[in-house]
Amino acid sequence: MKRNTWQREAVREALDAREGFVSAQGLHAGLRDAGSPIGLATVYRALADLAVEGEADSLQSPEGESLYRACSTGHHHHLICRNCGLTIEIEADAVERWAQQVASRNGFTQAQHVVDVFGLCDACSLREAPGTT
Ligand SMILES: [Zn+2]
Ligand SMILES: [Zn+2]
Ligand SMILES: [Zn+2]
């Protein structure tokens, strides 16, 4: 069952407008800044719904926070800046092969995997470079 409320549309549009992964709190803050009366709990629920329906990618940050992004639909991996949230979608042929091999070697079928790489993007690396404090 699809609940297409205005809140949900607002959340989806806000997510589409983002370049990288964003937390529910981050997205909520942006919506409130833009004048939306939407509540944080509603944003959480809408994001979870979008993720379940495959309209958004979700993942856990190294700090354990749930992050969301409107991604392309095919199987892919992410390179994510843990400072600014910049996200690059990457393919990883070596990872696909390795995952299949290690699964079948252990008798597993229908193997799936999640591989996301967190780091500092070019701009954030420069900003955090030693000597620039
Ligand atoms: Zn994605
Ligand atoms: Zn960055
Ligand atoms: Zn993969």
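The table that follows gives values for the structure above.
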{"item": "Coil-residue chymotrypsin sites (Phe, Trp or Tyr not before Pro) of segment 59-124, DSSP, other Cβ within 10 Å capped at 13", "result": "108"}
{"item": "Karplus-derived 3J(HN,Hα), 6.51/-1.76/1.60, for each residue of segment 109-125, Hz, glycine and proline x", "result": "10, 6, 6, 10, 8, 10, 10, 10, 10, 9, x, 10, 5, 3, 5, 5, 4"}
{"item": "Amide H contacts under 5 Å for residue 83, placed H, 5+ residues apart", "result": "121"}
{"item": "Ordering of 18-25, 42-49, 30-37 by packing [mean C-beta count within 10 Å, highest first]", "result": "42-49, 18-25, 30-37"}
{"item": "Helix-derived mean residue ellipticity, 222 nm - over the chain, DSSP H n ≥ 4, -39500 (n - 2.57), to 500", "result": "-12000 deg cm²/dmol"}
{"item": "Other-chain or far-sequence residues with amide H under 5 Å of residue 90's (modelled H)", "result": "77, 78, 79"}
{"item": "Among beta bridges that DSSP assigns inside the chain, antiparallel share in %, nearest 5", "result": "70 percent"}
{"item": "Rounded if a/c under 1.5, otherwise prolate or oblate - segment 1-69, Cα gyration tensor axes", "result": "oblate"}
{"item": "Charge dipole of the chain about the Cα centre (unit charges at C-beta), most positive-ward option of 39, 51, 29", "result": "39"}
{"item": "Segment 6-127: equivalent-ellipsoid semi-axes (sqrt of 5 x gyration tensor eigenvalues, Cα, Å)", "result": "30, 18, 11"}
{"item": "Dipole axis of segment 6-127 (+1 Lys, Arg; -1 Asp, Glu on Cβ), positive-most option in 88, 76, 64", "result": "64"}
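Every number in this text was worked out from the coordinates using simple rules, so none of it is lab data. This structure is a prediction, so every number in the text was calculated from the model and none was measured. Here Cβ is always computed from backbone atoms with ideal geometry, including for glycine, and neighbour counts include all displayed protein chains.
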